[in-house]
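What follows draws every value from the coordinates through simple rules; no lab data is involved. From a predicted model like this one, the values you see are computed outputs, not experimental measurements. Quick reminder, even Gly has a Cβ in these numbers, built from the backbone with ideal geometry, and neighbours come from all protein chains shown.
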């Protein structure tokens, strides 16, 4: 029985050694995994920072675009006013020319066109 208890004790010692070796292996695996995860975590942090910069840049572009659209609206209004003014001036000049033409005898009737009154603004095109 003494030999049997020694065999059991040896087996228990072997199990303890086996468990210790397994724990050491698991510890090394965990250390390797942790050392490999660190660069990945750094990359994730870099990606998050890049996403924040991208979002800030996108907001800046959107703000610039809305400001530009507002300015373009003002410029378009000025073009529309200028275009309409030129058309009124041209029509008035044509009326004056017709009156002068008719006061001079022998020239016949004043040419009736075609006259082109340009509209250079989009607003004027939409009003038609």
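Of note:
- Each label was represented as a point 7 Å from its Cα along the Cα-to-Cβ direction; for residue 53 and residue 30 these points are 3.7 nm apart.
- Label-to-label distance, residue 60 versus residue 107, with points set 7 angstrom from Cα along the beta-carbon direction: 6.3 nm.
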